[in-house]
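Input: a single structure, listed below in structure tokens.
Derivation of every value follows stated rules applied to the coordinates shown; laboratory data play no part. Worth saying up front: this structure is predicted, and the values here are computed from it rather than measured. Here the Cβ positions follow ideal geometry from the backbone for every residue, glycine too, while neighbour counts run over all protein chains shown.
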Amino acid sequence: MKKICLLLYVFACAMQPAAAQQFGFRNMNNAPVTETYYVMQDSKGYMWFAGNKGMCRYDGIAYKLYNVDNGLPDNTVFKLCEDTAGRILF
């Protein structure tokens, strides 16, 4: 009898609807990099994207593009990393 009650209790608990967290999705169609090769977050919380048109920094509101027009030797960047001094290396 105990096993039947336990089984019914487990079954009743399993039938309760589970509350899930809402997933927040934001479409990033206005990103300056169209092909992304690498993504990282630095120690300050900025998101960095390496791609075919340079690299860009995203602060949660706006993008800042870094390419040959403002100092990069080439527009194509494949990987990014941060050193111990907080500098972004590519």
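Computed values, structure above
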| item | result |
| --- | --- |
| Mean Cβ count within 10 Å, highest first, over the residues of peptides 53-60, 82-89 | 53-60, 82-89 |
| Partners for LYS53 among aspartates and glutamates (Cα-Cα distance below 18 Å; same-chain residues under 8 apart left out) | GLU35, ASP69, ASP74 |
| Simple label model, 7 Å out from Cα along Cβ direction - ASN70 to GLU35, nm | 2.3 |
